[in-house]
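*Asks:* Let me give you the structure first, and then I'll get to my questions.
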Amino acid sequence: MITASQLRAARALANVDQRQLAELAGLSLPTIQRMEASDGVIRGNVDSLTKLIAALDAVGIELIGENTASHGGGRGVRLKAVATLRTNGPSKTNDNIPIQAAE
């Protein structure tokens, strides 16, 4: 499973735009756009999702499942379950904003 947020992050890490990813995956640009606009886990037919994952793999993206170790080496990022964003500048209210990771 891959979420829309993970797809956008993966594309950014690989430095490819939506059109390039569509070409690499053999999918249409509107398909990639729909996937990235999804709420939560991307839904699609198995063939499209398989092509998407293969294209991401081809550009060096390793998808890491929740609570799974990465054995591929190299650098990467992982979203924690709950993080706190500290806003800049003084605030009259609590300036720590909780962020919930997409599931």
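*Asks:* Name the single residue, out of those in the stretch 24-57 being of a type in the set (Asp, Glu) and in contact with a helix residue (DSSP H, G or I) (Cβ under 9 Å, 6 or more places away or on another chain), that is farthest from residue 70 (Cα to Cα).
*Replies:* 39
*Asks:* Which number in (1) modelled with pLDDT under 70; (2) more than 16 Å from the chain's Cα centre (by Cα); (3) part of a loop (DSSP other than H, G, I, E, B) marks the one condition that residue 83 misses?
*Replies:* Only one criterion is unmet by residue 83, namely (3).
*Asks:* Name the residues in the stretch 22-56 that are within 21 Å of residue 74 (Cβ to Cβ) and within 13 Å of the chain's Cα centre (by Cα), would you?
*Replies:* 52, 53, 56
*Asks:* Now for a separate question. State which residue is modelled with the highest pLDDT when the search covers only the stretch 1-55 and only residues that are touching a strand residue (DSSP E or B) at 6+ places or on another chain (Cβ under 8 Å), loosely packed, with under 15 Cβ neighbours inside 10 Å and in a loop (DSSP other than H, G, I, E, B).
*Replies:* 40
*Asks:* Inside the stretch 1-31, can you point out the residues that are β-branched (Val, Ile, Thr) and in contact (Cβ under 8 Å) with a residue 24 or more places away in the chain?
*Replies:* Within the stretch 1-31, 2, 3, 16 meet the criteria.
The values are calculated or read from the model by the stated rules, or taken from the named source; none is laboratory data. From a predicted model like this one, the values you see are computed outputs, not experimental measurements. Every residue, glycine among them, receives a Cβ derived from its backbone with ideal geometry; neighbour counts consider all protein chains shown.
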